[in-house]
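J.: So that we are looking at the same thing, I have put the structure below in structure tokens.
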Amino acid sequence: MGNKRNLWAKIWPPAVTLAALLALWQAAVTWGGIDPWLLPAPVSIVQEAIAVWPRLMDHTGATVRLMLIGFAGGSAAGFGLAALLHLIPWLRNVAYPLLVLSQNVPIVAIAPILTMLLGWGLLPKAILVGMVCFFPITIAMLSGLENPDPQLRDYFRMIGTGKWQLFWRLELPHAIVHLFSGLKIAASYSVLSAVVAEWLGTNKGLGAFMLISSKGFQPDRVYAAVIIIVTLSLLLFGLVALAERLLIRWRPGSGELTK
Amino acid sequence: MHTGTADDRMALKAERIRKRFGNGDAAKEVLGGLSVSVGKGEFVSIVGPSGSGKTTLFKIIGGLEPPTEGEVWIGGKKTTGERGHISYVPQQSALLPWRTVAGNIELSLTISGLDRRTAKRETKEWLARIGLGEYADAYPHVLSGGMTQRVSFLRALLAPQPLMLLDEPFGALDALTRLQMQQWLTSIWEESRRSVLLVTHSIEEALYLSDRVIVLSASPAAVLEEFAVPFPRPRREALWTEPAFNAMKQRIYELLRQP
Ligand SMILES: Nc1ncnc2c1ncn2[C@@H]1O[C@H](COP(=O)(O)OP(=O)(O)O)[C@@H](O)[C@H]1O
Ligand SMILES: [Mg+2]
């Protein structure tokens, strides 16, 4: 009960603000003389979206697929790399600076190289999305693995815990909390980078749909795609947050029974 | 090789332990070649000023830090630099926050060499016995400071290693809880008669709990004097009102006060 009321108290101010902004936007286009070629009204965006709904959903499906493959692949790679770098310290010293350096190479610059090497299929795009996703996960995981409470570490080493047990029982569980902050960042990046990857060469997906629509002077379609992209981004983020809540129940205030 | 220091009746012999941190001009000698022993079934306390190197001595006995000089013998075997020969109650309780109370105890016991079934059975039985049965499935953050230390102590008591190291286990508790914990600890110890080495900065605590008290100087730490504590067991709660008790307390206090 109290929880529900709390939720409402959190939701209604942004909801009202959003509704007001939409109304203002609609009014500005309808009566304010804004050129609908520049900024279509919300109502016409919705109308257009409904009109091309099946095609829109096709493209959405392609983007979702790309985003999920890239997100899952990138996360798995980031997770594995972090564990590897953690367990082999000299490798970490060699690879960590390179890793940071790699983040200064813009995604748009890598795309043509990937296309050159791997063609126009799904693979190069998924790799691109994966590359964007794995970095925040590796960094978050590594910092989680490195810094569990030194008291805990000393205790477990003192009673004779081996390197592997220490990893499984202490470092990895501790890193899971950090992992989720990395996953949330990666979730937002994955949608964005999937769309950018689609700009760079394909005729499927929301990115491609946006390009085609803007070339064909159909701004309401472009906006419809943007709305779907934002929704996808929120949805993936929400899923990660939900998984976090389900997995990390031991934290103070997470509502487990205390008897 | 027989060096004459191996003595099967001794639970612990730490011989001429010297420890320097750093080297060259920055070198700092923390332990100045001190020897400490604990007989089988004996309760020995170390009192010394804070910063005198008591935790460092424990880390050396537990194999976490190599001594600069000296040897550690546990149960008649030379164990210098080896881990897993002791059970340990650290200054902070060091319970894993993501494991339940029972789960924490069971994990430590299996690491210490008990099989899983025995660990489970013992944990359940003993939690009930010390009045924490209903917290078996709770997470550590719901426990009070005193309960946490009881769990931490139980975890060490149930481990098969014959030597227990207790590093200021009651240091963070309020005076009243501390008193209750001391009484609780003596009653449990008098039943089990494990070999215990306790570090404390409370002279009264050392006298109340121990068979022998070792007084350390400020750093570099050396043994100032050892006292056999003559009071019969089971120790009475009102021990601290006895003149003999207070006379010993006064002597140790004078020793520690010397520059
Ligand atoms: N790893 C270390 N490197 C350098 N100095 C240390 C290290 N560990 C402990 N010391 C020093 O050793 C001294 C004794 O510390 P400690 O054993 O924790 O004392 P106590 O437990 O008696 O309070 C302190 O002055 C501390 O700064
Ligand atoms: Mg200490």
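J.: In debye, nearest 20, what is the charge dipole magnitude of chain B about its Cα centre with +1 on Lys and Arg Cβ and -1 on Asp and Glu Cβ, if you could check?
T.: 400 debye
J.: Between residue A:113 and residue A:6, what is the label-to-label distance in nm when each label sits 7 Å out along the Cα-to-Cβ direction?
T.: Using points 7 Å along Cα→Cβ, the separation is 4.8 nm.
J.: How much of the pair distance distribution for the stretch B:139-245 lies past 20 Å, counting alpha-carbon pairs only, in percent?
T.: 43 percent
J.: Using all alpha carbons of the protein assembly as shown, what is the percent of pairwise distances in each 20 Å bin, ordered from the shortest bin to the longest?
T.: 18, 37, 25, 16, 4, 0
J.: Compute the semi-axes of the equivalent ellipsoid of chain B, taking the square root of 5 times each eigenvalue of the Cα gyration tensor, and list them largest first in whole Å.
T.: That gives 29, 23, 18 Å for the three semi-axes.
J.: Sticking with this one: I need the semi-axes of the equivalent ellipsoid of chain A: take the C-alpha gyration tensor, multiply each eigenvalue by 5, square-root it, list largest first in whole angstrom.
T.: Those come to 41, 27, 13 Å.
J.: A further question on this structure: How large is the translational diffusion coefficient of the stretch B:92-160 in µm² per second when you combine the Kirkwood radius over alpha carbon pairs with Stokes-Einstein at 37 °C and 0.692 mPa s?
T.: 284 µm²/s
J.: Now, a different point. Of the options A:246, B:163, B:52, report the single residue whose Cα projects farthest towards the positive end of the charge dipole of the protein assembly as shown (beta-carbon charges: Lys, Arg +1; Asp, Glu -1).
T.: The Cα lying farthest towards the positive end belongs to A:246.
J.: If you don't mind, there's one more thing I want to ask. Using r as the Cβ-Cβ distance of residue A:58 and residue A:164, and R0 as 41 Å, what FRET efficiency do you calculate, to the nearest 0.05?
T.: It comes to 0.30.
J.: In sequence order, what are the phi-derived ³J(HN,Hα) couplings for the stretch B:230-239 according to the Karplus relation 6.51 cos²θ - 1.76 cosθ + 1.60 with θ = phi - 60°, rounded to whole Hz, with x for glycine and proline?
T.: Each residue of the stretch B:230-239 in turn: x, 5, x, 9, x, 6, 8, 4, 8, 3 Hz.
J.: While we're here: Need one number: nm distance between label points at residue B:183 and residue B:202, each 7 Å from Cα along Cα→Cβ, rounded to one decimal.
T.: So the two model labels end up 1.3 nm from each other.
J.: Determine, for B:192, B:87, the number of other Cβ atoms within 10 Å of each Cβ, and report the residues in order from fewest to most.
T.: B:192, B:87
J.: How do A:139, B:17, A:11 rank when sorted from fewest to most other Cβ atoms within 10 Å of their own Cβ?
T.: Lowest to highest Cβ neighbour count: A:11, A:139, B:17.
J.: Would you order B:240, A:90, B:184 from fewest to most other beta-carbon atoms within 10 Å of each residue's own beta-carbon?
T.: Exposure proxy ranking, most exposed first: A:90, B:240, B:184.
J.: Which whole number gives the average count of other chain Cβ atoms within 10 Å of the Cβ atoms across peptide B:84-92?
T.: For this peptide, the per-residue mean of nearby foreign Cβ atoms is 4.
Values in this text are rule-based calculations from the coordinates and carry no lab data. Here the structure is a predicted model, which is why all the values come from computation and not from measurement. Note that we place each Cβ from the backbone using ideal geometry, even for glycine, and neighbour counts take in every protein chain shown.
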